[in-house]
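Structure, as structure tokens:
No lab work stands behind these numbers, since they all come straight from the coordinates. Only a predicted model underlies this, so the values are computations on that prediction, with no experimental measurement involved. With ideal geometry, Cβ positions are generated from the backbone for all residues, glycine too; neighbour counts draw on all protein chains shown.
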Amino acid sequence: MKIIEVKNLSVKYRGIDALSNVTLGIDSGDYIGIVGPNGSGKTTFIRALLGLVPFGGEIYFQGKSFSDFFAGKHVGYLPQRMSFLDQSFPATAEEIVLSGVYCCKRFPKRLEKEDYAAAEKVMELLGITPLKERSIGRLSGGQQQRILLARALVHEPELLILDEPTVALDPQSSGAFYATVQRLNKEKGTTVLLVSHDIGSVGNYASKMLYLDRGLIFYGTFEEFCKSPKMTDYFGVGQHLICHRH
Amino acid sequence: MFAQIIEALQYAFIQRALIAGCFIALACSFLGVFLVLRRFSLIGDGLAHVSFATVALGLVLHVQPMLVSIPLVGLASVLILKLNEKAAVYGDAAIGLLSSFGVALGVMLASVAGGFNVDLFSYLFGNILSVSTLDVWMTIAVSLLVAGAVRLFYHDLFAITFDEEYARVSGIKVKMINKMLVLLTSFIVVLGIKIVGTMLVSSLIILPAVSALQVVRSFKATIALAGVFGVFSVIAGVFASYIFNLPSGATIVMVNFLFFGGAFLSRYISEKR
């Protein structure tokens, strides 16, 4: 079943086409690595999916048009830049993680025992339980990123959108991070969209690759990518390098 | 000094000032935490300047200034928000724009009415003698409205304050909540000018929040502590102004500064350790 269908998606950024005519469907349970050079529209693509930028074309989630879709209920999102994060913001790690469940609450929103239990569970999964009471601004970049990931995971979303999630992580945490995401994908069938500039490491985890460069260049499995003569024309030796690393 | 405090409490105007002041301070501190963290705290200052014009308008038209001010300042608060959202005017510039307009209009209206009179002056710097029973009831009603809104929308307000984009993705009605926040601020500013005056009312919004932010780690504790700072500054300020014969609005603000100094020092010392 298709969880997302995108038809003729175009996004303009300050009058310039950041993305044009992207049409694709994403199957439920897919793990898709979104790759492409700097400024290729990777982040723009997911921001359009989340309704954070105005776009042309159509986006359907589970067959429903975007306006009917209560995005947060189904989506966990880890934003790319943490620059928004105010280092003196007075909130504990637990308060931030718990804010991930607000999407699924009705007015007036109240936190229940189960919510605290869910936060506890996801923090344990990511190894950040000892940070629970700590103030978010006093943590390292990697710890902050794991807390924001916990916020994205706490309500067990069907779709997980991660924008350059491992930039602030050391190789060890990065490995643990990928393992966690892979487990969610395999065991819970969570659909994963992972934006990365590192095509090599994406290949180790993702089942499909979406290559963007202001439009759709390639979408399919890595095998298809490596065998595609069209991609040989497009990438030249680059294709071989990508496939070799994969 | 204790005898003087007991003596002060006998006066009905002191009682009214204390009740209205405590409720105002509590509401201002709650809103202040959200406004300060969103870099929007000067909206209190801007709206106070606008209310200078609306008070002058009320005095010129011989209508109760509060009744003119509440709708007009509310309108100004939404206008600041819209200028910021739609016209791509920076938040601080949008506030500055309306703030200077408010003062200019107020001065013009005052001059048309024959210059600054005692009434307008008391609105500039606050006059607890002028707090009427109606003011007290209005203050209690609006403060309870603020406290209720913060309680009911606490999680939405927290989410927007921490990360507005994520709040939007979470399906929180960000625009609606923002509008509610500035409207409540405008009401509380109008009511606060009786106590501390248009020149100083923004300090009730900014100072308790900033003091609490010096010492606290969690969000809930920040709101609670800001409320404590706000209420105690009013109580201490009103009594101190009575005992030392000082202007009450200015004394309340000075007590707030003392709290800030204390909070700042305690943070400095704990970080040094």
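Values computed for the structure shown
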{"item": "Those residues of region B:1-40 whose amide nitrogen sits under 11 Å from the label point placed on B:Phe125, 7 Å along Cα→Cβ", "result": "none"}
{"item": "For chain A, built as a Gaussian network whose Cα springs stay under 10 Å, the top-fluctuating residue of A:Lys186, A:Lys230, A:Lys208", "result": "A:Lys230"}
{"item": "Computed helical MRE - 222 nm, the protein assembly as shown, DSSP H runs ≥ 4 contributing -39500 (n - 2.57), nearest 500", "result": "-20000 deg cm²/dmol"}
{"item": "Summed residue charge, Cβ within 12 Å of A:Ala118's Cβ, Lys/Arg positive, Asp/Glu negative", "result": "-4"}
{"item": "Dipole magnitude of the protein assembly as shown about its Cα centre (Cβ charges: Lys, Arg +1; Asp, Glu -1), debye to nearest 20", "result": "120"}
{"item": "Rounded FRET efficiency, nearest 0.05, which uses the C-beta distance separating B:Lys82 from B:Glu7 and R0 of 51 Å", "result": "0.55"}
{"item": "Residues A:Met1 and A:Cys243, FRET efficiency given R0 of 45 Å [Cβ-Cβ distance, rounded to 0.05]", "result": "0.90"}
{"item": "Most fluctuating residue given options B:Leu47, B:Leu134, B:Leu144, as computed from a GNM of chain B linking Cα atoms under 10 Å", "result": "B:Leu134"}
{"item": "Among beta bridges that DSSP assigns inside chain A, antiparallel share in %, nearest 5", "result": "55"}
{"item": "Those GluC sites (Glu not before Pro) in region A:84-171 that DSSP places in a loop and that have at most 15 other beta carbons within 10 Å", "result": "A:Glu112, A:Glu133"}
{"item": "Length gained when the stretch A:Cys226-A:Lys188 is fully extended (0.36 nm per residue, less Cα-Cα span)", "result": "10.8 nm"}
{"item": "Region B:105-168: chymotrypsin sites (Phe, Trp or Tyr not before Pro) falling in loop per DSSP and having at most 15 other Cβ within 10 Å", "result": "B:Phe116"}
{"item": "Antiparallel %, DSSP beta bridges [both residues in the protein assembly as shown], to 5", "result": "55"}
{"item": "Chain A: most fluctuating residue of A:Lys64, A:Lys12, A:Lys105 per GNM, C-alpha cutoff 10 Å", "result": "A:Lys105"}
{"item": "Under the span-like rule (Cα at least 18 Å along the axis, Kyte-Doolittle mean at least -0.5), DSSP H helices of chain B", "result": "B:12-37, B:43-61, B:65-85, B:91-112, B:133-152, B:174-196, B:201-215, B:219-243, B:248-272"}
{"item": "Three-way shape call for chain B based on the alpha-carbon gyration tensor, with the a/c threshold at 1.5", "result": "oblate"}
